[in-house]
Structure formats: structure tokens, C-alpha cells
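Visitor: Before I ask anything, let me first share the structure, which is written out below as C-alpha cells.
The values are calculated or read from the model by the stated rules, or taken from the named source; none is laboratory data. Treat the numbers as computed from the prediction; the structure is a model and nothing was measured. We place every Cβ from the backbone using ideal geometry, glycine too, and count neighbours over all the protein chains shown. Note: areas computed on protein heavy atoms with side chains; ligands, DNA, RNA excluded. Shrake-Rupley method; radii C 1.70, N 1.55, O 1.52, S 1.80 Å.
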Amino acid sequence: MTGLPGQFIALEGGEGVGKSTQGRMLADALRARGLEVVTTREPGGTPGAEAIRAMLLSTEGEGWGARAEALLFAAARADHVEKLIRPAIARGAWVICDRFVDSSRAYQGGGGGLSDAEVLDLHRIGSGGLLPDLTVLLTVPPEVSAQRLALRDGGTGDRIESRGAAYHARVAEAFRSFAVQAPDRFAEIDAVGSPADVHSRIMARLAGLLP
Ligand code: TYD
């Protein structure tokens with residue numbers, strides 16, 4: 001728990017698991033209950049963080065080394081947490097964030113080779129170590145996410161999406177291990193099925209947090 005009045009929910013998972021759709025459906029369901037909901041995403045969410053996003057995901061130039069990349073994600077997050085996420089939680093809003101620090105742990109850590117302690121150090125320095133109240137981890141078998149990705153953008157992606165299958169397998173494995181290590185903070189949700197089915201699974205897991 002953040003110890004603050006609002007709730008902070010992060011949606012996580014590999015590419016093509018349906019996070020954006022589920023984020024929208026969750027936001028609608030919470031608003032229908034009369035809650036103030038702020039939806040946002042990472043990298044991004046504030047003008048400064050969106051500028052860093054463009055630098056991170058652009059396919060032009062030679063790209064970033066693993067450490068520079070991790071620092072840039074942490075910098076974008078610091079701006080986002082300070083200017084948007086903490087103020088929203090403090091006034092009692094529910095924040096639904098498409099990806100957060102567990103993506104850095106999975107991609108820059110599991111995929112890119114930084115240690116989990118290093119990624120968490122950057123997060124402590126940048127964002128005071130803020131963690132979501134609940135991280136909804138959407139999981140699908142690798143062949144399902146490959147299919148969904150191909151439908152979405154024909155298989156070409158941004159700089160990170162287009163890394164090879166081995167990278168994305170390490171990312172998926174890292175996410176899975178975080179959920180096992182911290183079952184109270186993670187809700188691992190089977191994301192196979194219709195959007196409505198997956199949404200119902202998420203709402204069932206959120207029941208304990210709802211007012
Ligand atoms: P995005 O288009 O938002 O991807 P998706 O639709 O799959 O969520 O691009 C974000 C990309 O950045 C995605 O490939 C995951 C990656 N990422 C990291 O590597 N580290 C991070 O900390 C975050 C937030 C995202």
C-alpha cells in the first residue's frame with residue numbers, strides 16, 4: 001500500500017497482451033462506481049516523460065546501451081511520479097498506469113542484464129521507490145502475443161518491441177518471477193479469452209480494494 005488515500009494500479013505484461021484495452025475497461029468500470037480515475041502510461045504521462053519516450057522508442061540512430069536506457073526510463077518515471085501520479089493519489093484518485101517500474105525490472109533487468117537491485121536503486125533515487133498498490137500482470141502464451149502483435153503492427157515495432165524472441169522470453173520469465181516473489185502486490189491474470197472475460201477476471205481480483 002502507498003499509505004495514501006487513492007489507489008495506484010499498474011498494468012504489466014509483455015507486448016501484445018492487451019494492457020491498453022484492459023486499462024480502458026478498468027477505468028470505465030471504476031468511473032461507473034463514482035471514483036475519480038486517472039489513466040496514464042509509461043514511458044510518458046507528462047510532457048517531459050513523453051519527450052524521453054520519443055528518445056527511447058525511436059528506431060533512428062544507434063540506440064541506447066542497457067544502462068543509459070535504464071536511466072532514461074527512471075528519469076521519465078521520476079517526472080511522471082512527481083507531477084502526475086503522486087498528486088493524483090494524494091487527492092484520492094485511482095491511478096491506472098499502463099506499465100510502471102516492474103517493466104524496468106523485467107525489460108532493463110531481465111531482458112537487458114541490469115540487476116534487480118540496480119533497477120530498484122534507480123527507482124529509489126528517481127521516484128522515492130513508489131510501488132503500485134496492485135500490479136495486474138497479464139499473461140498469455142508466447143504464440144498468442146506474437147499473433148496479437150502481428151495483427152497490431154504487422155510485426156514491426158518500436159526499438160524495444162523489435163528485440164528478438166530470446167529478449168522477450170527473458171522479460172516474460174522476469175515478470176513471472178516477480179509475481180511469485182510478491183504475491184500480495186501482484187495479481188497474475190490469464191489474458192487469453194475475450195476482452196470481457198479478461199476484464200471480469202481483473203475485477204474479481206480487485207474486489208478487495210474497491211470501496
Ligand atoms: P508501448 O508502445 O507503450 O508498448 P506496449 O503497448 O507493449 O505497452 O512501448 C513501451 C515499450 O517500452 C515496451 O516495449 C516496453 C518498454 N519499456 C521498458 O523497456 N521499460 C520500462 O520501464 C517501460 C515503462 C517500458
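Visitor: Could you tell me which residue out of Gln147, Thr46, Ala66 lies farthest along the dipole of segment 7-206 toward its positive end? Charges go on the beta carbon: Lys and Arg +1, Asp and Glu -1, centred on the Cα centre.
Guide: Farthest towards the positive end: Thr46.
Visitor: Further question on the same structure: Provide, in order from the shortest bin, the percent of all Cα-Cα pairs of the chain in each 5 Å bin, continuing until the bin that contains the maximum pair distance.
Guide: The distribution over the chain is 1, 7, 15, 20, 22, 18, 11, 4, 1, 0, given as percents.
Visitor: How large is ³J(HN,Hα) for each residue in segment 115-129, as worked out from phi by the Karplus curve 6.51 cos²θ - 1.76 cosθ + 1.60 (θ = phi - 60°), to whole Hz, x for Gly and Pro?
Guide: Calculated HN-Hα couplings, in order: 6, 4, 4, 5, 4, 5, 4, 4, 5, 5, 5, x, 10, x, x Hz.
Visitor: May I ask for the longest run of the chain untouched by GluC sites (Glu not before Pro) that are loop-located per DSSP and have at most 12 neighbouring C-beta atoms (other than their own) within 10 Å?
Guide: Answer - 63-211.
Visitor: Send over a whole-number figure in Å² for the accessible area per residue of the chain, probe 1.4 Å.
Guide: Accessible surface, normalised per residue, equals 46 Å².
Visitor: What is the local net charge at His80, summed over the other residues whose Cβ is closer than 14 Å to its Cβ (Lys, Arg +1; Asp, Glu -1)?
Guide: Neighbourhood net charge equals +1.
Visitor: Can you give the extra length, in nm with one decimal, that the chain gains between Ser20 and Gln147 once fully stretched, where that is 0.36 nm per residue apart less the Cα-Cα distance?
Guide: The span from Ser20 to Gln147 would gain 44.1 nm if fully extended.
Visitor: Taking 0.36 nm per residue of sequence separation and subtracting the Cα-Cα distance, how much length would be gained by fully extending the chain between Ala54 and Ala207, in nm to one decimal?
Guide: 51.5 nm
Visitor: Further question: Ignoring any ligand, DNA or RNA, what whole percent of the accessible area of segment 7-206 comes from carbon and sulfur when the probe is 1.4 angstrom?
Guide: Ligands and nucleic acids excluded, carbon and sulfur give 56 percent.
Visitor: With the dipole of segment 7-206 worked out from charges on the C-beta (+1 for Lys and Arg, -1 for Asp and Glu) around the Cα centre, which of Ala172, Ser115, Leu84 lies farthest toward the positive end?
Guide: Leu84
Visitor: To continue, here is another question. Which value in deg cm²/dmol, rounded to the nearest 500, describes the helix-derived mean residue ellipticity at 222 nm for the chain, given -39,500 (n - 2.57) per DSSP H run of n ≥ 4 and division by the residue count?
Guide: Calculated from helices alone, the mean residue ellipticity at 222 nm is -15000 deg cm²/dmol.
Visitor: If you keep only loop residues by DSSP, which chymotrypsin sites (Phe, Trp or Tyr not before Pro) in segment 67-172 have at most 12 other Cβ atoms within 10 Å of their Cβ?
Guide: none
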